[in-house]
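Written out below as structure tokens is the structure these notes cover.
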Amino acid sequence: MKSNNTSQEILNCARSLIVLGGYNGFSYADISKVVGVSNATIHHHFASKAVLVRSLITRYREEAQLGMAELERHVPGPVEQLGAYIQYWEACISDNTAPFCICALLATELPILPEEVALEVRAHFRFLSGWLTSVLERGAAHGQMRLTTSARTEAEGFMATVHGAMLSARAYGDANIFGVITHALPSRLLPV
């Protein structure tokens with residue numbers, strides 16, 4: 001059991017360090033100091049930094065998939081689901097529990113990332129785009145949304161706006177900027 005807890009602590013620490021400084025902004029020595037384990041212990045769980053970050057992104061995407069499924073079970077309609085997605089990030093940014101999507105952050109570093117990490121980052125974007133596309137398609141099919149382009153194009157724009165709002169909130173040092181940018185997104189899709 002301790003081994004699993006140590007693995008989770010290492011992943012959680014890596015996630016926090018990536019949010020603070022990106023892929024190259026941390027080392028196993030940094031994790032060692034925070035988690036209180038040796039570099040050898042970290043290597044026992046994750047043979048390399050690329051394996052560690054790939055594992056983290058895989059877990060991150062799995063958590064997102066579970067979260068989206070939960071959201072669809074508990075939030076009735078597509079417009080409300082988009083609003084709930086925005087509210088989730090707004091809360092995370094506001095209380096600093098997850099002030100930035102790690103995949104969005106890592107996407108800025110794609111040219112320098114190991115290929116196995118880059119593949120996982122791209123897979124996360126494909127998943128998120130697919131989920132948003134399906135929400136938009138359902139909304140349009142039920143007459144709850146008016147799309148001016150394809151659902152896929154609208155989804156990509158929605159995703160880019162949410163990630164850009166994260167960046168703006170960080171740049172201004174003001175979590176409220178995220179909401180200022182994103183609150184109107186779902187209502188822009190409502191039929192006239």
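The values are calculated or read from the model by the stated rules, or taken from the named source; none is laboratory data. All values derive from a computational prediction rather than experimental measurement. Cβ coordinates were reconstructed from backbone atoms using ideal geometry, including for glycine residues, and neighbour counts include every protein chain displayed.
Values as computed for the structure displayed
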{"item": "Failed condition for R146, given (1) of a type in the set (K, R); (2) more than 28 Å from C13 (Cα to Cα); (3) in a helix (DSSP H, G or I)", "result": "(3)"}
{"item": "Of residues in region 119-143 being under 18 Å from Q87 (Cβ atoms) and not small (G, A, S), the one farthest from the chain's Cα centre (by Cα)", "result": "L136"}
{"item": "Tally, over region 123-149, of residues that are over 21 Å from C101 (Cα atoms) and of a type in the set (V, I, T)", "result": "2"}
{"item": "Contacts under 6 angstrom Cβ, first residue in region 142-168 being surrounded by 13 or more Cβ atoms within 10 Å (Cβ to Cβ), partner aromatic (F, W, Y) and not in a helix (DSSP H, G or I), 6 or more apart", "result": "M166/F100"}
{"item": "Condition met for A47 (over 30 Å from E154 (Cα atoms) and touching a helix residue (DSSP H, G or I) at 6+ places or on another chain (Cβ under 8 Å))", "result": "no"}
{"item": "Residue check for V162: under 22 Å from S55 (Cα atoms), assigned to a helix (DSSP H, G or I) and at pLDDT 95 or above", "result": "no"}
{"item": "Among (1) part of a helix (DSSP H, G or I); (2) surrounded by 15 or more Cβ atoms within 10 Å (Cβ to Cβ), the one test that T58 misses", "result": "(2)"}
{"item": "Condition check for L11: in a helix (DSSP H, G or I), outside the structural domain of A175 (by TED's automatic domain parsing), surrounded by fewer than 17 Cβ atoms within 10 Å (Cβ to Cβ) and not small (G, A, S)", "result": "no"}
{"item": "Qualifying residue in region 25-41 (condition: part of a helix (DSSP H, G or I) and touching a residue at least 40 places away in the same chain (Cβ under 8 Å))", "result": "no"}
